[in-house]
Amino acid sequence: MSNLDFEVNGAVAVLRLNNPPVNSLGLEMRRLIVDAVARAEADPAVGAIVLIGSGKGFSGGADIREFGTPKSYAEPHLLTVIRAIEDCTKPVIAAIDGICMGGGLELALACHYRIGAESARLALPEVKLGLLPGAGGTQRLPRVIGVEAALNMIVSGATVSPEKLRGTHLFDALAQADLTTSALDFARTVVAERRGIKRVRDLAIQMPNAEAFFQFARNSVKAAAGRYPAPLACVEAVAAAVQLPFDSGMKRERELFVGLMATPESAALRHIFQAERAASHIDGMPDSVAIRPTKRIGVVGAGTMGGGITMSFINAGLPVTLLETTQEALDRGLATIRRNYQGALRKGSLTEASLEQRLALISPTLQYEPLREMDLVVEAVFESIEVKRKVFEKLDEIVKPGAILASNTSALNLDAIARFTKRPKDVIGLHFFSPANVMRLLEVVRGAETANDTLATAMALAKTIGKIAVVAGVCDGFIGNRMVARYGMAAHDLLVAGALPQQIDAALQNFGMAMGPFRMADLAGLDIGWAVRKRRAAEFPNEDFSNVADILCEAGRFGQKTAAGFYRYEAGARDAIPDPAVSAIIERYREETRVVARKVSDAEIVERCIYALINEGARIVDEGIAQRSSDVDLVYLNGYGFPAYRGGPMFYGDSVGLITVARALRRIAASPGADAAFWTPAPLLARLAQEGQTFSEFKGRST
Ligand code: NAD
C-alpha cells in the first residue's frame, strides 16, 4: 500500500497522506507528494488539488528516523516539495486537522489555500531541538498570522489551536462538517469561482516600527534563552521576513538553520529527543508480548514517595488504593497530597473541581484485603529489607494472580525482594524520584526473574502516567544513584585536596549542573549518607568510608533541615551561605588525613566530577545495567540536573572525544594519592577510545 492515496473526485484531486503514526515527511513521502502533484497538474480533468492527512492529522513534519542520515537532505528535499506545490499552476488546498507541526505546517503554508478543522494543532517546534523552521516557516508564518504572533510561536515552539488564530490569513475557511467533505466543497468553489493561485510568499508584511520591535524581542529572548542560541536565531529569521524580499529572507533562514544545525546545543537536544524514543525499546523483547491490564493500582506506604507516586497515578485518572499502617500516617499522607494540589490550585494550574475529582480517586485503607483485586501494587515503605519482606509476603498472599508487584526501593536488592514472593516473575522495581509527582524520571528495574510482560507492562504504564522510563538492571544504586555516588566521591576528594564546597558547587553550576554536589547533599540531608556509611563500615571493616560529612553530622549539621550542613541557612530561606565553621572542619579533616591543601582549579573540578560520571556510566552500559548509553543520559538529565544543552554525561563524553576522556582519566589515576581503581578508564571506555568510537555508536555489551 502506498503512503499516499491519490483519488480524483470530479474536478478535485485528493492527495491523502497515509504514513502512520503522524504522516511524517520522510524521503519516500516527499517523492510521493511531488509525483502526485505533478500527476494532478497534468490531468486535464483536475481543477484543484486537496492535500489532506489521515489518522492523527495533517503531518507531524520531518521523519525523526531520518535525522542525521543522508535521507534527511536527499532530494526531493522538503524545500523542493514546497516549491513544487507553491509553483503548481492549479490551486492546492491544505485540509488540516489534528497534528500540523514543523515541516507539516511549512508544507501547509506553501499551499494556496488552507481549510482547518477545530481539532487542528499547529506548531513550529524546531526551537525545542535547538533549530528553527528551515523550510520557509519563518518567512511564511509572519505573512499569514502577523509578525508578533508568528514570532511567539516560533520562539516558543508552542502548539496553538485554530481558535487562537481566528481573524488571521492562516485559514481561508473552517470546516463545518467532516473535513474531507468541507475541503471538497471548498475546492469546488475555488474552481467554480476561478479564484486561482494565492501564494503566501506574495503577501506583504507591514510593520512600521520593525526596528524597535525586533530590538525589544532580541533583548527579551536573549535574557530567557540562556545558553541556547536557537531562540535568538529565530528572531533574526523572522526579522529577515520583515526586512528582506521573500527570496533573500529564505536564504537568510537557510543560513541561520545551517548554523544552528552545527551547534553543540542542537546536537545535544536532538540526541535527547532520540534518546527518549529509544528508551522505550526493550532489547530482546518479542513483539508478541501482551501488555497486562493496569486499571487498578495499589500503593503501600503514604510517606514522601508513596504520596507522590499516588499523585502520579491519579493525575492520569487511575484509581489508587492507598495502604498505611496507622490512621495517623494515612491522614498525614492524604493531607500532604491535598496540600501539594493546593499549591497547583494557587498557581492556577488546577481547578477546585479537578482537585476534588483527583482526590476522590484515592481509596485509603489500613487493610490488605482491598488490594486483592489490584492489577499493580507499588510498595513505598521504609527502606528496610525486613519491612519490605513483611509487605511482599503479605502482598503475595493477598493480591490476585497475574498482578504486578513493584518496589520503589532505592538501594535494596530487588531480586531478594522478589524472592519474598512465590511469583518473582511478577516483581519489578519502579524507582520513582522525589518528588514523584513532579519528577519525570522512572527507573524500571528488571530483576533476574522479571517476566517480559511484567517489564513491558511497567514501561507502558510509565508512558500512561507521563514518565520518562528507563530500564535498569539490578545493582547497587541502579543507574542514577550508582553514578551520583561516584560523582560525590570525586567532589569529596577535591574538597579534601584543597577546594571548598562553594568553589566546587560554583564550578559545576557554571558547567551547567542545576545544583552543585554539596548544595544537593544539604538538600537531600547528610544524615542519609551518614547512615549508609555507618552500615557499610560495619559490613566492610577493612575499607575506609570516612567523609567530611560524617564530622558535619556529628556536629548536628544534617543540611537544610537543621539550617546547617556544608553551608549555613538563614531561618526560612534556602540560600546556601558559605560557613567558616565548615572550612575549619575541612581543614581539620585534612590534618587528620595528612593532606596538604593544594590549589584546585575550576577546570579540574569539572573534569574530575564529570569524567567520574562518564567512567561509571561506561561500566553501567558495559555490564548491561543500562541498555544503551543514551538511557544513562536520560537518567542523569532527568534525575540529577545535568544540563540538556550538553546532552547528558555520555553524550558529553562523546563530544569531548573518548580519547581525551580516557587520557585524562589515566592521568588522574597516575596522580599522587589517587585511587587508581576508581580512575582507571572502564574497559568499555578504554576500548571505544582506542577504536576511535563513541558511546552513541556502541550498540551492544562487550562481555
Ligand atoms: P517515608 O518514611 O517518607 O515513608 C514510608 C511510609 O511507609 C511511612 O508513611 C510509613 O508509615 C509507611 N510504612 C512503613 N511500613 C509500612 C507497612 N508495613 N505497610 C504500610 N505502610 C508502611 O519514606 P520514603 O522517603 O517515602 O521512602 C519510601 C521508599 O522509597 C524507600 O524504599 C526509599 O528508599 C524509596 N525512595 C525514596 C526516595 C526519596 O527521595 N525519599 C527516592 C526514591 C526511592
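The values are calculated or read from the model by the stated rules, or taken from the named source; none is laboratory data. Please read these numbers as outputs of a predicted model, since none were measured by experiment. Don't worry about glycine lacking a Cβ; one is built from the backbone with ideal geometry, like all the others, and counts go over all protein chains shown. Surface accessibility is based on the protein's heavy atoms, side chains included, excluding ligands, DNA and RNA. Shrake-Rupley method; radii C 1.70, N 1.55, O 1.52, S 1.80 Å.
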Looking at segment 434-454 only, could you name the residues that are open to solvent by less than 40 Å² (accessible area, probe 1.4 Å), under 19 Å from Ser630 (Cα atoms) and of a type outside the set (Val, Ile, Thr)? Leu441, Leu442, Glu443
Only residues in segment 382-406 that are assigned to a helix (DSSP H, G or I) count as the first member; pair them with residues that are acidic (Asp, Glu) and near the ligand (Cβ under 10 Å from one of its atoms), Cβ under 6 angstrom, at least 6 apart or cross-chain, and list the lot. Val391/Glu379
In segment 320-343, which residue that is surrounded by 15 or more Cβ atoms within 10 Å (Cβ to Cβ) and hydrophobic (A, V, I, L, M, F, W, C) is farthest from Thr294 (Cα to Cα)? Ala329
May I ask you to list the residues in segment 417-431 that are surrounded by fewer than 24 Cβ atoms within 10 Å (Cβ to Cβ) and within 13 Å of the ligand (Cβ to nearest atom)? Phe420
Matching entry among Leu318, Leu350, Leu345, Leu334 (being more than 15 Å from the ligand (Cβ to nearest atom), in a helix (DSSP H, G or I) and either modelled with pLDDT of 95 or more or in contact with a helix residue (DSSP H, G or I) (Cβ under 8 Å, 6 or more places away or on another chain) (or both)): Leu345
May I ask you to verify whether Val378 is modelled with pLDDT of 95 or more, more than 28 Å from the chain's Cα centre (by Cα), open to solvent by less than 60 Å² (accessible area, probe 1.4 Å) and of a type in the set (Val, Ile, Thr)? no
Consider Gly303 carefully, then state whether it is open to solvent by 30 Å² or more (accessible area, probe 1.4 Å), modelled with pLDDT of 95 or more, among the small types (Gly, Ala, Ser) and more than 26 Å from Ala460 (Cβ to Cβ). yes
Of all the residues that make up segment 558-588, how many are part of a loop (DSSP other than H, G, I, E, B) and surrounded by 13 or more Cβ atoms within 10 Å (Cβ to Cβ)? 9
Gly259 small (Gly, Ala, Ser), in a helix (DSSP H, G or I), touching a residue at least 40 places away in the same chain (Cβ under 8 Å) and over 17 Å from Met153 (Cα atoms): no
One residue is enough: does segment 143-161 have a residue meeting the conditions modelled with pLDDT under 95, surrounded by fewer than 24 Cβ atoms within 10 Å (Cβ to Cβ) and among the β-branched types (Val, Ile, Thr)? no
The residue that is most open to solvent (accessible area, probe 1.4 Å), considering only those in segment 400-415 that are more than 14 Å from the ligand (Cβ to nearest atom) and of a type outside the set (D, E, K, R), is Pro401
Residue in segment 622-662 that is surrounded by the most Cβ atoms within 10 Å (Cβ to Cβ), counting only those that are closer than 14 Å to Ala267 by Cα and hydroxyl-bearing (Ser, Thr, Tyr): Tyr652
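Okay, residues lined up against (1) assigned to a helix (DSSP H, G or I); (2) surrounded by fewer than 23 Cβ atoms within 10 Å (Cβ to Cβ):
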site: Cys475; (1), (2): no, yes
site: His492; (1), (2): yes, yes
site: Phe518; (1), (2): yes, no
site: Gly556; (1), (2): no, yes
Is it the case that Pro245 is of a type outside the set (Lys, Arg) and closer than 20 Å to Gln206 by Cβ? yes
Any idea which of Ala677, Ala686, Ala662 is farther than 25 Å from Met513 by Cα, touching a residue at least 24 places away in the same chain (Cβ under 8 Å) and of a type in the set (A, V, I, L, M, F, W, C)? Ala686
Anything in segment 551-568 that is without any contact (Cβ under 8 Å) to a residue 24 or more places away in the chain and out of contact with any Phe, Trp or Tyr (no Cβ under 6 Å at 6 or more places or on another chain)? List them, or say none. Glu554, Gly556, Thr562, Ala564, Arg568
